1. Test B:T22 against the criterion of being over 26 Å from B:L125 (Cα atoms) and of a type in the set (S, T, N, Q), and give yes or no.
2. For the condition open to solvent by 40 Å² or more (accessible area, probe 1.4 Å) and among the aromatic types (F, W, Y), what is the one hit in A:Y54, A:Y75?
3. Since A:T9 meets every condition but one in (1) facing chain B (nearest Cβ under 10 Å); (2) within 27 Å of B:R57 (Cα to Cα); (3) open to solvent by 30 Å² or more (accessible area, probe 1.4 Å), which condition does it not meet?
4. In segment A:24-47, which residue that is in contact with a helix residue (DSSP H, G or I) (Cβ under 9 Å, 6 or more places away or on another chain) and assigned to a helix (DSSP H, G or I) is nearest to the other protein chains (Cβ to nearest Cβ)?
5. Got at least one residue in segment A:80-91 being surrounded by fewer than 18 Cβ atoms within 10 Å (Cβ to Cβ) and either β-branched (V, I, T) or assigned to a strand (DSSP E or B) (or both)?
6. Take the residues in segment B:60-75 that are farther than 20 Å from B:D158 by Cα and in contact with a helix residue (DSSP H, G or I) (Cβ under 9 Å, 6 or more places away or on another chain), then tell me which one is most open to solvent (accessible area, probe 1.4 Å).
7. Can you list the strands (runs of 3 or more DSSP E) found entirely within segment B:74-121 that contain at least 2 residues being among the small types (G, A, S) and more than 10 Å from chain A (Cβ to nearest Cβ)?
8. Under 8 Å by Cβ, and 6 or more places apart or on different chains, what pairs join a residue from segment A:165-178 that is within 14 Å of another protein chain (Cβ to nearest Cβ) with one that is part of a loop (DSSP other than H, G, I, E, B) and charged (D, E, K, R)?
Amino acid sequence: MLRALRILTMLVAGIALGLAVTWATAIRGTMGGNIDDGPWRTSLNVGSSESGPYLRAQIAVHGLLALSREETLYYTAARDSEGQTLVGNCSYRIEGRDPPARWWSITAYADDFLIPNSADRYSVSMNSVARGPDGSFAVTLSKTQAERNWIPVTDGPFDLTIRLYNPQTSVVADPANVPLPIIKRANCE
Amino acid sequence: MIARNCKWIAGAFLIAAIVHVTSLLLLPRLIVVRTMSVMARSASANTILHPPRPSARSRTVVRPSPDLLYSICVYDLRAADGAVRVSIHDMPDTYWSVSVFDADTNNFYALNDRQAKTGVADFLLAESAAPANDERLPVVAAPTSRGIVLFRILVSDDARMAELDAARRHALCAPYRAG
């Protein structure tokens with residue numbers, strides 16, 4: 001009887017621990033990567049047969065059907081430029097210039113889906129962003145409406161993805177030093 | 001106490017390692033199969049779907065881009081008796097691409113508007129042996145017999161939505177019959 005109980009305990013503990021490690025290493029969080037560029041993180045092996053089992057599982061969970069680097073590079077940020085977690089009860093300014101790609105967009109997600117809002121606004125892109133006279137732009141992430149370049153967010157953690165479609169060769173050559181926008185926390189409730 | 005239960009603790013760690021590796025390796029394919037099952041509720045394999053522009057209500061595939069129109073097809077080479085023809089033509093002047101993913105999430109083929117040049121993409125998806133092909137279409141070897149074909153079309157201007165939505169309906173993903 002005691003032996004059967006020990007076997008059962010061993011099985012349950014082993015299965016629970018194994019699944020917990022898979023959750024912690026592949027399911028929890030957001031799109032993974034091993035290359036940091038400020039608050040942004042990416043991998044050159046997304047969508048590629050070269051991706052290892054951990055990246056492959058992360059992409060399946062958080063970025064299924066992502067294109068390989070020849071077509072698109074995805075940078076994701078779950079923290080601002082000071083390292084604080086992005087949360088909807090704070091507002092943020094994303095400041096920068098056009099990244100070196102044929103086309104780009106910045107999109108906000110919560111739990112890997114677009115964030116519901118009455119304005120049906122989810123992103124800014126190369127086509128839609130309003131720029132200053134010097135070509136720079138500032139995007140506002142907030143719950144309350146901003147005058148221009150506004151991406152609405154709601155309470156709770158969220159993250160951002162920059163898509164670089166047909167990136168310039170310099171991006172793939174040195175993905176940790178791409179001139180991507182900074183993310184500045186403005187104020188919090 | 002610990003010494004007495006040492007073999008049971010070691011056994012639990014061994015089982016944990018096996019469960020971790022197995023679940024990690026199976027997870028991508030399980031997610032692809034689940035996604036294909038969800039899509040099968042709307043259309044059978046080798047049939048293209050044209051879902052609405054992504055919004056917060058879009059829940060089939062994670063992290064969609066709200067700036068793109070997607071058309072999607074589950075390819076099944078066995079159900080198609082060997083080959084599936086994938087094509088699109090008369091595409092307007094905007095970024096578009098057609099990409100193909102195997103059951104392990106690998107993006108093993110992609111073609112965009114600049115590479116297609118003439119606004120046309122037209123190829124066969126097949127398993128290793130090239131099918132009889134009188135039209136001399138390029139053949140793309142699929143690593144797995146089932147997977148996903150995805151068309152992306154950039155909505156460069158909201159005013160062009162109707163034009164772009166009409167254009168993507170030229171897309172084809174269907175069993176290929178030679179001759």
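The values are calculated or read from the model by the stated rules, or taken from the named source; none is laboratory data. Here the structure is a predicted model, which means the values were calculated and not measured. Every residue, glycine among them, receives a Cβ derived from its backbone with ideal geometry; neighbour counts consider all protein chains shown. For accessibility, only protein heavy atoms count, side chains too; no ligands or nucleic acids. Shrake-Rupley method; radii C 1.70, N 1.55, O 1.52, S 1.80 Å.
1. On the way: over 26 Å from B:L125 (Cα atoms): yes; of a type in the set (S, T, N, Q): yes.
Yes; evaluated as a whole, the condition is true for this residue.
2. Details: A:Y75 fails: open to solvent by 40 Å² or more (accessible area, probe 1.4 Å).
None of the others qualify; the one that does is A:Y54.
3. Single failed check for A:T9: (2).
4. Here the answer is A:A26.
5. In the first step, residues of segment A:80-91 are kept if they are surrounded by fewer than 18 Cβ atoms within 10 Å (Cβ to Cβ); the result is A:81-85, A:87, A:89.
Cutting the leftovers down to either β-branched (V, I, T) or assigned to a strand (DSSP E or B) (or both) gives us A:85, A:87.
Scanning segment A:80-91, I find at least one residue that is surrounded by fewer than 18 Cβ atoms within 10 Å (Cβ to Cβ) and either β-branched (V, I, T) or assigned to a strand (DSSP E or B) (or both), so the answer is yes.
6. Step one: of segment B:60-75, the residues farther than 20 Å from B:D158 by Cα are B:60-63, B:72-75.
Filter once more, keeping what is in contact with a helix residue (DSSP H, G or I) (Cβ under 9 Å, 6 or more places away or on another chain): B:60-63, B:72-74.
Numbers: B:T60: 66, B:V61: 33, B:V62: 25, B:R63: 14, B:I72: 16, B:C73: 0, B:V74: 10 Å².
Among them, the one singled out is B:T60.
7. Numbers: elements: B:83-88, B:96-102, B:107-112.
Counting at least 2 such residues, we get B:83-88.
8. Taking only residues 6 or more apart or on different chains, the pairs are A:Y165/A:E71; A:N166/A:E71; A:P167/A:R69.
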